């Protein structure tokens, strides 16, 4: 069960919290240094916020994590399906056009930035591998969750039944109105639209369910999947929402880290 920390700065996940050797979280908008549409706990430097405020927020985030991370690994996302494996600090120099990161290195906190898109965090409890995934609608259509798990299997021999998964705050089906072209993209990609789409005045897509179904389809156990169920569009006062606030606004940072 997910819950906010006492200072309301982070959302924690019950599935992951039961494992003492990892940290897993999503930040909120509370208790940081940024101003305006970035107020106040924006930890992402790609969205137009003042660099000094982002640096202060990132340092604050690191101070809240125990143990303190060696590094925050924050890729520059482009709605691709590119997956980057972090095997050393040198890999942090090559994070352009990356939307999912994987590592077995302790102390490296893998992060993705979202503000309506879906963050997905994975933990292989047997092989001790973690992953953070940015799944907007384009990444979801491209099955970025599946591709990330295939990378984990190929490199670290991950078994799907050992994966613990958390799907973080993002836009809900009720709030995610899309055009016919988006509906068609999902249909052409082989998604069962009866499970993930609903017709109001326009089509609406359930990105939470689309990604949950990918996990189940690969063999991740249903009881190992936690869905935060928090709509960023509706809860924009607590979590950043680009649809509600505009592109030039803050971002949620969702991260997962193996402890040293």
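What follows is calculated from the coordinates using simple rules that are stated; it is not laboratory data. No experiment lies behind these values; they were computed from the predicted model shown. Here Cβ is always computed from backbone atoms with ideal geometry, including for glycine, and neighbour counts include all displayed protein chains.
For the pair residue 90 and residue 64, what calculated FRET efficiency results from E = 1/(1 + (r/R0)^6), where r is the Cβ-Cβ distance and R0 = 35 Å, to the nearest 0.05? Intermediate results must be reported in sequence, preceding the final value.
Values: r = 27 Å, r/R0 = 0.77.
It comes out at approximately 0.80.
Beta carbons within 10 angstrom, averaged per residue: use that to sort the peptides 73-84, 197-208, highest first.
Answer by packing, highest mean first, reads 73-84, 197-208.
Over the chain, Cα pairs under 8 Å with separation of 6+ residues give a relative contact order of 25 percent. Relative contact order, whole percent, for segment 11-112 stands at 19, derived from Cα pairs under 8 Å and 6 or more residues apart.
Give the percent of DSSP beta bridges with both residues in the chain that are antiparallel, rounded to the nearest 5.
Numbers: 36 of 48 bridges.
Looking only at bridges with both residues in the chain, the antiparallel portion is about 75 percent.
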